Amino acid sequence: MEEHQLRGPQGDGAESHWLMPATWDRENVTAARHRRLIVALDAEADQLWFYARGPGERRLTIRGEEQSLVPLASHGEEGTDDHITVSTFQVPSTWAQGRSYPLIWGLYDGAEKLRTLFLRINKIGAATYAMSGRNVVLSSGALSELVDQRTVPRQKEEQPQQAEPSGAAGVAAPIPLGNVVGGVAAGDAGAGVASDATEEYINQAVAAARRFVRRKSVADPVRVVMRSRSLLAQPPSQMPLPISPRSGLKPPDLRDGWLVGDWLLGWAWDREDRERTLHVAVMCGGKPLIMVPAEAVDRSLNDVPGRGLHAFQIPVMLEYFEADRLHLEIVEGHVPVHQARLYVDRAGKPMLRRARPAPEPVQARDIRRGRKWRWWRR
C-alpha cells in the first residue's frame, strides 16, 4: 500500500502514531453491525479491542501464537447467537521495528474454525504502526456504540394496537421521548401505552442520549467503565511519584449531592510536570471501584493555566451506594483528591455528599501575603 493511501487518527493526542487505509471510516458502524467479529483500536492507549458475537471459543493468535486477552464486557447467554463479548489486548512496546505481526481473531469449536478475521500490523518505527486488512478497524468509541445498539432493546417496528380511551378514535399515539422523565412516562396511563412499550421508549431515549453525548465529545459512561476495567486489570506501571500533585473535586451542579447517573467532575495534575497524565480512582477502603485518566478538557479550569487539560469525569454508579464512605485519590502515589471524601446519605433518596473536613487550627491555615488562599486555585 502506498504512503499516500494511509492516514492516522486525528486529534487523539496519542504518543504513538497509527496509520491505516484512508478509505476506512472508523466511526461508521453500519457495515459492522451484522458482523460477528470486529476489531477496534484505542489509539490513545495502544490497545486493540476484540468483539465477538455468537457461540464458540474466542481466540487471538499473533504470528501463530495464542494470546491472552483482558475481558471487558459480556452480554447474553454463552453458547447462543446473542452472546456478545468484548476483550482487549495491549500492544506490546517490545514489538520489534520493521517486523510484521499478522493477527487472526476467531471463533472456534475445538480445532474447528467457525469464523476468523485477519488483520496485519507492521511496526515501521519506534512508535509508528501501519494496519491493513479486509475489514475496517473501528474506533473504540464506535465499537462501544455498536455494543449499546446490540444490548439495548430496540423499539418494535410494529406497535400493538392499544385500547382506545372513551371518545377517542384510532390507535393511541406513542409517547414522545421528551415526555419520558426519570424513568416514568408522563401520562402513560391516560394514553393507554403498555408498560413494556414504555420501557422500550425509555431505553431508546437512553441510547439516543448516549449517541448525542459522543457527538458532543463529552464522556460516555459505557466507554468510561470499559476503559476503567482495562486499567484495573492492568494498572498503570510503577511511575515516579508526582512532584507537585494538585487536585480537587468540583461541587455538584444541580443539587447538594450526587445521584446515580450524575458525574463526579474535577481535576488532577502535576504542576511541575504538566505533560504527565495522572489517574484518579474512586476508593472504597483500599479497593478501587473505578479508575479514569485525568485527561479530559474543561475550559472552566483554565483560570489556572494548563489545569483545564487535566480534568476527570467519573460516572456515579449504583455500586457506590453499597458503601458508607468513599474517597477519590490520585493513583500515582495514592494522593487523596482535595475535597473528595464522600459519604452516602440515606435520609431520603440515597445521595453522595461531600464529607465536611475537620476544622483546622487557626495557626495552621494557609495565609499568603495577607489574604486567604482559596483551595480551588490549586
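The values are calculated or read from the model by the stated rules, or taken from the named source; none is laboratory data. Because the structure is a prediction, the values reported are computed rather than measured. Cβ sites come from the backbone with ideal geometry, for glycine too, and all protein chains shown count toward neighbours. Side chains are part of the model used for accessible areas, which takes the heavy atoms of the whole protein and leaves out ligands, DNA and RNA. Shrake-Rupley method; radii C 1.70, N 1.55, O 1.52, S 1.80 Å.
Points to keep in mind about this one:
- One residue alone among THR88, THR94, THR116 is assigned to a strand (DSSP E or B), open to solvent by 50 Å² or more (accessible area, probe 1.4 Å) and of a type in the set (S, T, N, Q), and that residue is THR116.
- VAL70 satisfies every condition listed in (1) open to solvent by less than 80 Å² (accessible area, probe 1.4 Å); (2) free of Cβ contacts under 8 Å to residues at least 24 places away in the same chain; (3) not small (Gly, Ala, Ser) except (2).
- Test set (1) more than 21 Å from LEU241 (Cα to Cα); (2) part of a strand (DSSP E or B); (3) open to solvent by 20 Å² or more (accessible area, probe 1.4 Å); (4) not aromatic (Phe, Trp, Tyr) - LEU326 fails condition number: (3)
- Taking strands (runs of 3 or more DSSP E) as the structural unit, those lying wholly within segment 11-68 and holding at least 3 residues that are more than 30 Å from VAL297 (Cβ to Cβ) correspond to 57-62, 65-67.
- If the condition is being in a strand (DSSP E or B) and surrounded by fewer than 20 Cβ atoms within 10 Å (Cβ to Cβ), then segment 254-292 contributes TRP263, CYS284, LYS287, PRO288, LEU289.
- Subset of segment 7-28 that is modelled with pLDDT of 50 or more and more than 18 Å from VAL39 (Cα to Cα) - its residue that is least open to solvent (accessible area, probe 1.4 Å): SER16
- A single member of ARG378, ARG374, ARG354 is of a type in the set (Lys, Arg), modelled with pLDDT under 65 and under 15 Å from GLY266 (Cα atoms), and it is ARG378.
- Any hit, segment 125-138, residues being over 24 Å from GLU27 (Cα atoms) and assigned to a strand (DSSP E or B): yes
- Residues in segment 53-99 that are among the charged types (D, E, K, R) and closer than 20 Å to GLU145 by Cβ: ARG53, ASP82.
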